[in-house]
Structures are given as C-alpha cells and as structure tokens.
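The values are calculated or read from the model by the stated rules, or taken from the named source; none is laboratory data. Values in this document were obtained by computation on a predicted structure and should not be read as measured data. Don't worry about glycine lacking a Cβ; one is built from the backbone with ideal geometry, like all the others, and counts go over all protein chains shown.
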Amino acid sequence: MTETLPLARPDITDRERERVLEVLRTPDLSLGPRLPEFEEKFAAYVGAKYAVAVNSGTSGLHLCVRALGLAEGDEVVTTPFSFVASANCLLFERVRPVFVDIEERTYDVTAQAFEDKILALRRTRRGKKLKGILPVHVFGRPCDMPGIMAVARRHRLAVIEDACEAVGAEIGVPAAGGRSAAGKKSGTFGDCGVFAFYPNKQMTTGEGGMIVTGSRKLADLCRSMRNQGREPGGGWLQHVRLGYNYRLSDINCALGLAQLERLEEIIGNRERAARLYDEKLGEVPGIIAPPFEPGNKISWFVYVVRLADRFRRRDRDLVLAGLRQAGIGCSNYFSPIHLQPFYRRQFGYTKGDFPVTEKISERTIALPFHNHLTAADVDRVGETLKAILRGIRPGAS
Ligand SMILES: *Cc1c(COP(=O)(O)O)cnc(C)c1O
C-alpha cells in the first residue's frame, strides 16, 4: 500500500512550536505584544503602510466592505471564479455582487472586461449603485492590478483586493528574474487588500487573516470594528460603533510571526514544486498547465491543471476519482460562485450565465501541493494521471 499524498499540508517547524509555547508561558494570550509585532512585520513584508490582523480572511474582507462604507443597495463587480467568501463578504452587508466572466487563458476577469461591464451598467439606472471592484488573485497568480486600478480611477470606484491566495505574489518583476526589488506585492494596489492564513495557504496562523491598506482612516476603522467597536484609549465597555469579535489571538500571531520569517523559503519551496510539475506534466497529453506571465511572480497557493476542451465534466470527475483511488489528494478548484445553491436562489443564476467560468471549472484538477513535495511524488502523480487519461475516451463517459 503506497502512502497517501495529501492535497495540502502546512509547513510547521520547531521554531513555530517554540514561539507558540513562549506565548503560553505569558498571561498575554490576546491583545498582547505579538499582535502589533505581527502587523508591523507583515506590513513591512508586503510594503503596505498599515496592517490589521483578524481571525480569518473572510472577516478581513467583511471589515473592508464596511470600512469603505459599502451598504445595502450598492453593487460591486467581481469574479464568479473564486472561493465563495470573496462574494459572501458583500452579501453580509446586502451589497450585490455583479459577476463578470473570466478570460479563458488566465482565469481572471481582465481590466477590459471590468471596464465593459461598468460602462454597460453606467448606461442603466443601476449605474449609480455601482461602488466598487473586488478582484481576486486566483491560485496565487497576480491579476492585472495596474489595469484594474486605472479602470477604478476612471470610474471612481473603491477597490478591495482579495489576496487571500497570494501572499508574496508580485507584479512587475524585473525581466532578469531572480530576486525582485522592483516588484509590487499583490494586495497593495487597491484601497485595501486581504490575506488569509488557513492551514492550506502559503503561510498559516491556524485560522487568521490580515488587512493591508495605505489609509490611516480605513486601518483605524478596521481595528475598531474587529474589537467590538472600541476605540484606542476608550474604555473596555465603550463601543462607538457596531463591531465584531474578529480579533486574532497572540497565540496565532506568534505562529504567524514564525511563518513570516520563513515565508520566502516557503514560497521558494513551492516554486520548486511547481517547476517539478511543469516539467513532469509537459509530457502528459490532454493536460493544460497553470497560466503564467514572465513579468509577474506567482506565489504558488495550489497547482491546478485543466483538462483539454475535448474532455467533459464527467471525464474530469473520473480523473478525480481515479487519483483518489490511487491515494492522491485532489480537488476541483473552483466550483463557480454563481452556481452555489443559495446564489441561484437569491439571484436566479443558472448554468450558462458565465460560460467561460463554467467551462474552466468543469475541467480543473488541483493536485497535491505543499512545501515538501518530492520529485518522486510528482512523478507518481504524473504517471497516475497519464494512466487514467489513457483509459478515458473524451466526451464518451
Ligand atoms: C481562503 C480564501 C478566503 C478566505 O479565507 P478564510 O481565512 O478561510 O476565511 C477568501 N478568498 C479566497 C479567494 C480564498 O482562497
């Protein structure tokens, strides 16, 4: 019996364990010194002015929506090809997500597609309700933030960057390659950006997230709202606005600090694993590799391949079943947001509304991906995929 290859696995060392234990030896389990330290070091890492730690990426997105004043009746353009939280954060405030279909090559909503949708909405009565753009850096690959920011400025729209899958990703890396002093990190282009630290992400705090922004006002609002609407210097039972308990404990922050110190190493290991897959799967017919542009730095979150157009959803599901049977963890990233049952019910979406998103979603396969993946693991995945695909007659299943 061969060992099971997990889809994801956190990279935790003795350093992380020691840092967490240190906190447990103090009385400051929450709102202690690790919180500002984690925020300051994270802000410095991504190159943002302010960082506000929260207890999940979803909480971070929610606070950004509120801090930007988005409210019932407002509309925000975003992608249906994402994890459900990137649109749910709008629903929390009864803001309507307006989906725009993705581009086939990159899996992104292009700046042009956002612009076209915005122009179309502006010509209708709904144009006035449109308040923001919420782009997502899918799978750790940075999307075209310079282009999207230009659109946002032209139309005076707020921008929340969902960088939950893209800590460390960069745009505008010098062509020479290698270390990138000139790159600008994903999450730092919009009014605010949000990162997430669930255990399957590049770095983890167990559960956790981080908001980054260049605006003092937005940072202060988010800090207050994550802590029950309290203000700095105010009393513990003084609540100046509606707030939540979205705090990240010092135990989590200590884990985050240790992970942050190792983040470049972690991202480097993931890059190496992605290269192994690129090489191995280059020889497997019917497999389309993840998209990539030389000018940008991907921070690999998952390694998602796609089956060629001649395959159908049922073929893909056979591949997933075959991989699982061989002890290889895999998943179908993503399942389109507009087709989730409650989105269908609330907004009346049906199949065919966003054909490119649906076409891609029906053919994706996320393969085992983590920092310790070996060439032998990748070889096993590649050979298994090859054997499964040989047994499938496209479209006939
Ligand atoms: C992981 C993720 C989130 C949410 O993060 P949590 O910490 O799990 O709440 C949001 N958006 C995207 C695209 C994600 O992948």
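Of the numbered conditions (1) out of contact with any Gly (no Cβ under 9 Å at 6 or more places or on another chain); (2) outside any helix (DSSP H, G or I), L70 fails exactly one; give the number of that condition. Unmet for L70, out of (1) out of contact with any Gly (no Cβ under 9 Å at 6 or more places or on another chain); (2) outside any helix (DSSP H, G or I): (1).
Scanning region 269-294 for residues that are under 18 Å from the mean Cα position of the chain (by Cα) and assigned to a helix (DSSP H, G or I) yields R270, E271, A274. Residues of region 204-228 that are within 16 Å of the ligand (Cβ to nearest atom), closer than 21 Å to L260 by Cα and not charged (D, E, K, R): T204, T205, G206, G208, G209, M210, I211, V212. Considering only residues in region 347-375 that are among the small types (G, A, S) and in contact (Cβ under 8 Å) with a residue 24 or more places away in the chain, the one that is surrounded by the fewest Cβ atoms within 10 Å (Cβ to Cβ) turns out to be A375.
Among the residues of region 106-133, those identified as among the hydrophobic types (A, V, I, L, M, F, W, C) and either touching a residue at least 60 places away in the same chain (Cβ under 8 Å) or away from the ligand (no atom under 16 Å from the Cβ) (or both) are A111, A113, F114, I118, L119, A120, L121, L130.
Is it the case that V240 is within 14 Å of the ligand (Cβ to nearest atom) and over 18 Å from G32 (Cα atoms)? So V240 does not fit the description; no.
All of L91, L35 fail the test of being buried (at least 21 other Cβ atoms within 10 Å of the Cβ) and more than 12 Å from the ligand (Cβ to nearest atom), apart from L35.
Filtering region 322-346 to residues that are over 24 Å from M203 (Cα atoms), crowded, with 21+ Cβ neighbours inside 10 Å and in contact with a Lys or Arg (Cβ under 8 Å, 6 or more places away or on another chain) leaves only H338. Of the conditions (1) at pLDDT 95 or above; (2) farther than 26 Å from A158 by Cβ; (3) surrounded by fewer than 16 Cβ atoms within 10 Å (Cβ to Cβ), Q202 clears all except one; give me its number. Among (1) at pLDDT 95 or above; (2) farther than 26 Å from A158 by Cβ; (3) surrounded by fewer than 16 Cβ atoms within 10 Å (Cβ to Cβ), the lone unmet condition for Q202 is (3). Among the residues of region 311-326, those that are in contact (Cβ under 8 Å) with a residue 24 or more places away in the chain and among the charged types (D, E, K, R) comprise R312, R313, R314, D315, R316. Within region 54-77, residues that are near the ligand (Cβ under 8 Å from one of its atoms) reach partners that are of a type in the set (K, R) with beta carbons closer than 8 Å, at six or more positions or on different chains, in the pairs S59/R226.
Of all the listed residues (G183, G190, G209), the sole one being of a type outside the set (S, T, Y), at pLDDT below 95 and touching a strand residue (DSSP E or B) at 6+ places or on another chain (Cβ under 6 Å) is G183.
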